[in-house]
Ligand SMILES: Cc1cc2nc3c(=O)[nH]c(=O)nc-3n(C[C@H](O)[C@H](O)[C@H](O)COP(=O)(O)OP(=O)(O)OC[C@H]3O[C@@H](n4cnc5c(N)ncnc54)[C@H](O)[C@@H]3O)c2cc1C
Ligand code: SF4
Ligand code: SF4
Ligand code: FES
C-alpha cells in the first residue's frame with residue numbers, strides 16, 4: 001500500500017518548532033511504501049493543487065496530512081482527495097499545529113511528538129475503509145400537530161413554498177389560545193383580528209389547497225424517521241361538512257339539549273350542535289355526541305330540519321383513520337395552566353368568583369359567556385379585583401420556573417378592567433415582577449400610574465388565603481397578618497405542559513425535560529429542534545412564551561424544514577455511523593438502551609439489532625457498549641483506534 | 001535515584017471527544033499556552049466511544065497513564081455519551097485497581113470547547129501526577145514484590 005505523508009509547514013507556524021527532516025528520517029519501516037513531502041501552505045490554492053497532483057502522479061492510495069486541526073481543514077483535504085480520485089475517508093489528519101507546535105516549548109520534544117502522531121496516523125490509515133455517503137429519497141410533506149399560532153405559522157410558511165401540509169388539531173377550532181382572548185399584550189390588539197389573516201389564509205388563502213386541515217383529530221401512531229415518516233391520524237366525526245356548511249347557525253336554536261361549554265371554560269352552556277364560540281373557525285358547528293339526542297338513539301333531527309343546505313349536517317359521520325407520509329413533523333400542541341386546586345387555600349373551585357387567567361380572558365371576550373361584561377356570580381359589576389401573580393411559578397413546591405407571561409397579561413387585565421369598570425380597585429399580589437422586552441413595560445407603567453391599582457408583594461404563596469364573607473372575597477397574608485377585600489379574584493397559574501404531552505412524546509419518541517415540556521436539542525442554539533431528527537418544536541409545548549416567540553419558533557421550524565428537506569433533493573447520510581454485524585449480535589439490546597437518538601432497534605425477525613442510518617449520529621456509544629463487539633463504528637472502528645493507540649506508544 | 005525520577009518522561013494517552021475536549025485542546029493551541037508534551041491525543045467522536053479495552057490496550061502497550069476528557073455533564077454533543085463514559089469509567093477504575101494499577105494513572109475529567117486554560121491545567125497536573133508515580137511497570141513490580 002502506498003501512503004503519502006504530506007507535511008504542511010504552515011509558514012513558520014509549524015516548521016519553526018518541528019523539524020520535518022527529522023520526522024522524515026524517523027518514519028517507521030512497515031509493510032507500506034511511504035512517501036514524505038512537505039508543502040508550504042497546504043490549504044492555499046497552490047497547496048491543494050500540489051497535494052492533488054502528487055496523489056495522482058504517484059499513485060498514492062492512503063493519505064496522512066500533518067497540518068493544523070482537523071476542525072479547520074479536514075473537509076478541505078477530504079475534497080482534495082475526492083478530486084484526486086480517491087475515497088475521502090482514506091485520509092488521517094495529524095494536528096501538529098494547535099496540539100504540538102503551538103503548545104510545546106522544546107523543539108526536540110515537539111518533533112518527537114509529531115513523529116509519534118504521524119506514526120499513529122500511518123498505522124490507522126492503513127486500516128481505513130473507503131466510505132460512501134448514502135442518499136435516500138425523501139417526502140417533502142409536513143405534519144403539523146396543533147393549530148395554535150405556532151402550528152399555523154409553520155403550516156402557512158410551508159404551504160406558501162408549495163409543499164403539502166397536514167394539520168392535526170385536537171379540537172373543532174383552530175387558532176389556539178389567543179383566538180379566545182379579546183385583546184393581547186403588549187399593544188392591546190384584538191386577538192382574533194390579529195390572527196385572522198393567518199387563519200383566513202389557512203382556510204381559503206392562495207395556498208390553502210396545499211393544506212389538509214384535520215380538526216377533532218389526533219395522531220395515534222408514527223413510524224419511520226426523518227425524511228420518511230408514516231403517520232396515522234384518528235379523526236372523530238364533526239357531523240357537519242365544513243365545506244358545505246355556510247355557518248348560518250340556523251341549526252343551533254332548535255336543538256333541545258345543552259351542556260357546559262368547555263370552550264368558555266364551563267362558564268356558559270352550549271347546545272349539542274353549536275360553534276365552540278361565536279367566530280370560531282372553521283365556521284361550521286359540530287355535534288357533541290355525548291349529549292345529542294339523535295346520537296343517543298332518539299328520533300330527533302331538529303337541527304338537520306332547520307339547516308338550509310342539503311347534507312351540511314351528516315348524522316352518520318364516522319370516525320376516520322387517515323394515514324399520511326411526511327418527511328418532517330412539527331409539534332405545536334401548546335400548554336395548559338397549573339391546577340390551582342393544588343394550592344387549596346386560594347379557594348379555586350370552591351369559592352365563586354375565583355378565576356384563572358384563561359377563564360378571565362373568556363369573561364373579557366365579547367364572544368364569551370358574559371359577552372365581555374365583567375360580572376360576579378351574583379351578576380354585579382365588581383368594585384374591586386385582586387390579581388394574584390406567580391400562582392405556582394417560581395416556587396420549588398410547585399413549578400420552579402418563571403412562566404414569563406403572567407405579569408404581562410396581569411397588566412393587560414389591569415388595563416381592561418380599568419376600561420370596563422372605571423374606578424374599580426385592582427390589587428396585584430406578586431412575588432416577582434418580570435416584564436422584559438422593548439414594548440412590554442407600557443402596560444406595567446400604565447398600571448403603576450393608575451391610582452386605583454395597588455401592588456402588594458408576598459413571599460410565599462402558601463401564606464396567602466382566599467376566604468369568602470358575605471359575597472366578598474378576603475385575601476389574607478398570614479406572613480404579615482394583612483388582608484384585602486375584593487369582589488373577584490384572578491389567579492395567574494404557571495404555564496405547564498398539556499396532559500397529552502407525554503402520550504404524544506411516546507408516539508414520537510421525543511423526550512421531555514424535567515418539567516414535562518418537549519425537550520429541545522439545545523436551549524440556546526436549537527430550541528426548535530427536538531432530540532429526534534425531523535421532529536421540530538414550536539410554541540409553548542417547548543417552554544412558556546408569548547405569541548411573538550411562538551411565531552418566531554413557528555418560522556424557525558419552517559426554516560429548518562425548508563432548508564433540510566427539499567423536494568427532489570435526496571437526503572444525504574454521512575457514513576460515520578454504527579453498523580451491527582447481525583450474525584454476531586447476541587440480542588442483549590444494550591445498544592437500544594444506550595443510543596441517545598433511538599437509532600438502534602431490535603429486529604425480532606432478524607434476531608439482531610439494527611441501526612437506522614438516518615437517525616444515527618455516529619457517537620459510538622453503542623459500539624463501546626456492545627458486550628460482544630457486534631457493532632462497528634465506521635471510521636472509528638476498534639481496530640483503527642487500537643492501531644492509533646499502539647502507534648503513539650511505539 | 002532522584003536523578004532517575006526527574007528524567008522519567010511519562011507516556012500518557014489522552015482520549016478526547018471531538019466536540020468539547022478536542023476543541024478545548026485546540027483552544028489552548030490558538031492561545032499558545034504551553035503544556036508538557038507527554039499526553040498523546042487519540043480523538044474519538046464522543047467520550048461514550050471510549051471502550052475500556054482501549055484503556056487496557058494503552059497500559060499494555062506501555063502507557064504510564066490514561067486520561068479521558070469529555071464534555072461537561074449536559075453538554076455532550078450526543079446528549080448523554082459522557083454519562084455513559086462516566087459510568088464506564090467508575091467500572092474501569094475498579095478493574096484497574098484489581099490489576100494493581102494505581103488510581104492516579106487513569107483519570108476522567110471534563111473540558112469544554114472554551115476551556116483552553118483548563119485543558120492546560122488538567123494535562124499539566126496529570127503529567128506531574130504520573131511522573132510522581134513513576135513508570136507503570138516499576139510500580140507494578142513494587143506492588144508484587
Ligand atoms: C391567560 C393568558 C393570556 C395570554 N395573553 C397573551 C397576550 O396577551 N399576548 C401574548 O403574546 N401572549 C399571551 N399569552 C400567551 C399565548 O397564549 C401563547 O404564547 C400562545 O398561545 C402559544 O401558542 P401555541 O401555538 O404554542 O399554543 P396554543 O395557543 O395553546 O395552541 C395549541 C393548539 O394545539 C392544540 N392541541 C393540543 N394538544 C393537541 C394534540 N395532542 N393534538 C393536536 N392538537 C393539539 C390545541 O387545541 C391548540 O389549538 C397568554 C397566555 C395565557 C395563559
Ligand atoms: S449490544 Fe450488541 S449484542 Fe446486544 S443487541 Fe446490541 S448489537 Fe446485539
Ligand atoms: S453510534 Fe451513537 S447515534 Fe449511532 S446508533 Fe450508536 S449510540 Fe446511536
Ligand atoms: S461529544 Fe463530548 S462527551 Fe460526547
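Listed values, structure above:
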| read-out | value |
| --- | --- |
| All helices (runs of 4 or more DSSP H) inside the stretch A:1-103 with 1 or more residues being surrounded by fewer than 17 Cβ atoms within 10 Å (Cβ to Cβ) and more than 41 Å from the chain's Cα centre (by Cα) | A:20-25, A:45-57 |
| Failed item, numbered, when residue A:627 is tested on (1) more than 15 Å from ligand 3 (Cβ to nearest atom); (2) touching a residue at least 12 places away in the same chain (Cβ under 8 Å); (3) outside any strand (DSSP E or B); (4) more than 10 Å from chain B (Cβ to nearest Cβ) | (1) |
| The stretch B:19-42: number of residues that are more than 8 Å from every other protein chain (Cβ to nearest Cβ) and under 21 Å from residue B:112 (Cβ atoms) | 7 |
| Residues that are more than 7 Å from ligand 2 (Cβ to nearest atom) and under 17 Å from residue B:46 (Cα atoms), drawn from the stretch A:567-592 | A:574, A:575, A:576, A:577, A:578, A:579 |
| Helices (runs of 4 or more DSSP H) wholly inside the stretch A:107-225 containing at least 3 residues that are within 14 Å of chain B (Cβ to nearest Cβ) | A:107-125 |
| Subset of the stretch A:228-242 (residues that are part of a strand (DSSP E or B) and within 15 Å of residue A:213 (Cα to Cα)) | A:231, A:232, A:233, A:234, A:235, A:240 |
| Scan of the stretch A:568-584 for residues that are within 13 Å of ligand 3 (Cβ to nearest atom) and within 14 Å of residue A:626 (Cα to Cα), ordered by number | A:578, A:579, A:580 |
| Strands (runs of 3 or more DSSP E) contained in the stretch A:262-347 and holding at least 3 residues in contact (Cβ under 8 Å) with a residue 40 or more places away in the chain | A:320-326, A:328-331, A:335-337 |
| Members of the stretch A:518-549 found to be surrounded by 24 or more Cβ atoms within 10 Å (Cβ to Cβ) and in a helix (DSSP H, G or I), listed by number | A:539, A:540, A:541, A:547 |
| Qualifying position, being more than 15 Å from ligand 1 (Cβ to nearest atom) and either within 23 Å of residue A:618 (Cα to Cα) or modelled with pLDDT of 95 or more (or both), among A:508, A:593 | A:593 |
| Whichever residue in the stretch A:472-506 is farther than 24 Å from residue A:358 by Cβ and part of a loop (DSSP other than H, G, I, E, B) and, among such residues, is farthest from ligand 2 (Cβ to nearest atom) | A:481 |
| One residue from A:523, A:534, A:568, A:559 being more than 14 Å from ligand 1 (Cβ to nearest atom), outside the structural domain of residue A:618 (by TED's automatic domain parsing), under 30 Å from residue A:197 (Cα atoms) and modelled with pLDDT under 95 | A:534 |
| Residue B:81 being over 19 Å from residue A:74 (Cβ atoms), within 16 Å of ligand 2 (Cβ to nearest atom) and surrounded by 24 or more Cβ atoms within 10 Å (Cβ to Cβ) | yes |
| Hits in the stretch A:555-594 - residues which are in a helix (DSSP H, G or I), more than 16 Å from ligand 4 (Cβ to nearest atom) and within 14 Å of another protein chain (Cβ to nearest Cβ) | A:590, A:591, A:592, A:593 |
| Count of the stretch B:65-93 residues which are away from chain A (no Cβ under 11 Å), free of Cβ contacts under 8 Å to residues at least 24 places away in the same chain and more than 16 Å from the chain's Cα centre (by Cα) | 0 |
| Flag for residue A:608 being in contact with a helix residue (DSSP H, G or I) (Cβ under 7 Å, 6 or more places away or on another chain) and within 14 Å of chain B (Cβ to nearest Cβ) | no |
| The stretch A:611-624 - residue that is closer than 24 Å to residue A:90 by Cβ and away from every other protein chain (no Cβ under 13 Å) and, of those, farthest from ligand 3 (Cβ to nearest atom) | A:613 |
| Some residue of the stretch A:305-320 being under 30 Å from the mean Cα position of the chain (by Cα) and loosely packed, with under 14 Cβ neighbours inside 10 Å | yes |
| Subset of the stretch B:43-64 [more than 7 Å from chain A (Cβ to nearest Cβ) and in a strand (DSSP E or B)] | B:43 |
| Filter pass, residue B:38 being in contact (Cβ under 8 Å) with a residue 40 or more places away in the chain, surrounded by fewer than 24 Cβ atoms within 10 Å (Cβ to Cβ), within 16 Å of the chain's Cα centre (by Cα) and within 13 Å of ligand 4 (Cβ to nearest atom) | no |
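The values are calculated or read from the model by the stated rules, or taken from the named source; none is laboratory data. Not measured: the values here are computed from a predicted model. Virtual Cβ from ideal backbone geometry, glycine too; neighbours counted across all protein chains shown.
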